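Encoded as structure tokens, the structure appears first; notes follow it.
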Amino acid sequence: MSKVTMAYFLNSLVNNDSRYLMCFQLFLERSSEHQCMKDFIHQQLPHILDSVGDGKSDLNVIGVGSGAGEIDLEMLSVLHQKHPGLMVDMEVVEPSSLQLHSYRDLVSKKPDLDYVTFTWNEMTSSEFEERWKLKRSTKKADFIHMIEMLYFVKDPGATISFFQSLLNKNGKLLIILASGESGWGKVCQSYKDQLCCTDIIQCVTTGDIKSILSTKGVNFHSYELPSQMDISECFIEGDEKGELLLDFLTQVQDFSKTASPELKDGVLDLLRHPDCSVQSNGKVIFNNTLEAIVIAQLN
Ligand code: SAH
């Protein structure tokens, strides 16, 4: 009898914009992802943005990987409360046309944004960087944020350096990513080589970013954003929502159907392991803790 070896090809979730969005939407519903960001935005961001408007008549803001804009608008409202007299010029950098469309839709429904002028850049951060350099633009930014997006760039350190070079005096750069101590960090550590199936999706956490910054001698502040995600459905065989959540957790399209049984069992075991999750009232609650890193431009 000949032995047949099955080949398993994993396709990155980022190659399928509409499935990615379905997974992301469900992730938002099952986690406190946006709530923990909103808590940070209302409790910490006002202090962080205190000095960005000093001596200015308007503010330049750049949002990189803004998604559907919900978090961006929350930050804009805090910026406006801090600096009510200032107009805001907002560059949105977002490659997904579906996401950009939702963002524009959201803006059109908000009557109180007349202090903001939006420029829509449907492109990746590296395309934005190329264009910026071609234009030889000397424009500087007072506030730049990249929230949950550095996973999608080839070289997170170089991306941070470029945007940091755009900061005005007193400007601030805000990065939010999964904490190295979160369940995401553990999955990354254990399965990086097997799950990162393209060079555009990185297993990167704030732990990596902090060591890149420290090596370069860049000063920063960091803030922990505790957050959880209910992943119980991942353990119900054949559950449609569980499969979407698993795709999101592994960043692999149709993970349940395309991963080898060994990889699938290994990932499922790790997801419910105490390193990643706690069991509570019959639910499996994954550690989704995020971390915010703030870099200030002092001169
Ligand atoms: N900041 C939003 C969305 C996070 S999801 C929030 O926290 O809710 C990550 C976003 O990054 C997606 O909208 C995705 O389209 C975008 N993205 C993916 N690759 C990117 C790249 N190379 N440059 C900029 N944005 C990117």
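For this structure, a couple of remarks:
- For segment 90-100, the set of residues classified as farther than 18 Å from residue 14 by Cα and either of a type in the set (Gly, Ala, Ser) or surrounded by fewer than 18 Cβ atoms within 10 Å (Cβ to Cβ) (or both) is empty.
- Odd one out for residue 44 among (1) modelled with pLDDT of 95 or more; (2) exposed (fewer than 15 other Cβ atoms within 10 Å of the Cβ): (2)
- Remark: residue 247 falls outside the filter, which requires a residue to be touching a residue at least 60 places away in the same chain (Cβ under 8 Å), assigned to a loop (DSSP other than H, G, I, E, B) and not aliphatic (A, V, I, L, M).
- Cβ-Cβ distances below 7 Å connect the following pairs, each with a first residue in segment 205-231 that is open to solvent by 30 Å² or more (accessible area, probe 1.4 Å), a second residue that is aromatic (Phe, Trp, Tyr), and a separation of six or more residues or different chains: 223/40; 228/286.
- Residues that are of a type in the set (D, E, K, R) and out of contact with any helix residue (DSSP H, G or I) (no Cβ under 8 Å at 6 or more places or on another chain), drawn from segment 182-196: 192, 193
- Residues (open to solvent by 40 Å² or more (accessible area, probe 1.4 Å) and among the polar types (S, T, N, Q)) located in segment 47-71: 57
- Filtering segment 80-109 to residues that are under 20 Å from the mean Cα position of the chain (by Cα), closer than 20 Å to residue 37 by Cβ and not acidic (Asp, Glu) leaves 90, 92, 93, 96, 99, 100, 102, 103, 106.
- Residue in segment 264-276 that is of a type in the set (Val, Ile, Thr), assigned to a helix (DSSP H, G or I) and out of contact with any helix residue (DSSP H, G or I) (no Cβ under 7 Å at 6 or more places or on another chain) present: no
- Checked against the criterion of being modelled with pLDDT of 95 or more, within 11 Å of the ligand (Cβ to nearest atom) and open to solvent by less than 40 Å² (accessible area, probe 1.4 Å), segment 11-25 has at least one qualifying residue.
- Residue ID - nearest to the chain's Cα centre (by Cα), chosen from residues in segment 130-165 that are touching a residue at least 60 places away in the same chain (Cβ under 8 Å), away from the ligand (no atom under 14 Å from the Cβ) and open to solvent by 10 Å² or more (accessible area, probe 1.4 Å): 164
Okay, residues lined up against (1) at pLDDT 95 or above; (2) β-branched (Val, Ile, Thr):
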{"residue": "252", "(1), (2)": "no, yes"}
{"residue": "257", "(1), (2)": "no, no"}
{"residue": "265", "(1), (2)": "yes, no"}
{"residue": "268", "(1), (2)": "yes, no"}
{"residue": "273", "(1), (2)": "yes, no"}
{"residue": "283", "(1), (2)": "yes, no"}
{"residue": "286", "(1), (2)": "yes, no"}
{"residue": "290", "(1), (2)": "yes, no"}
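- Within segment 250-271, the set of residues being free of Cβ contacts under 8 Å to residues at least 40 places away in the same chain and either under 22 Å from residue 28 (Cα atoms) or surrounded by 18 or more Cβ atoms within 10 Å (Cβ to Cβ) (or both) comprises 256, 268.
- Those helices (runs of 4 or more DSSP H) of segment 149-216 in which at least 3 residues are of a type in the set (Val, Ile, Thr) and within 28 Å of residue 130 (Cβ to Cβ), considering only elements entirely within it, cover 206-216.
- Those strands (runs of 3 or more DSSP E) lying entirely in segment 32-126 with at least 3 residues free of Cβ contacts under 8 Å to residues at least 60 places away in the same chain and more than 16 Å from the ligand (Cβ to nearest atom): 87-93
- Some residue of segment 136-145 being over 22 Å from residue 49 (Cβ atoms), in contact with a strand residue (DSSP E or B) (Cβ under 8 Å, 6 or more places away or on another chain) and β-branched (Val, Ile, Thr): no
The values are calculated or read from the model by the stated rules, or taken from the named source; none is laboratory data. On a predicted model such as this, the values are computed, not experimentally measured, just so you know. A quick note on method: Cβ atoms are made from the backbone with ideal geometry, for glycine too, and the neighbour counts reach across all protein chains shown. Side chains are part of the model used for accessible areas, which takes the heavy atoms of the whole protein and leaves out ligands, DNA and RNA. Shrake-Rupley method; radii C 1.70, N 1.55, O 1.52, S 1.80 Å.
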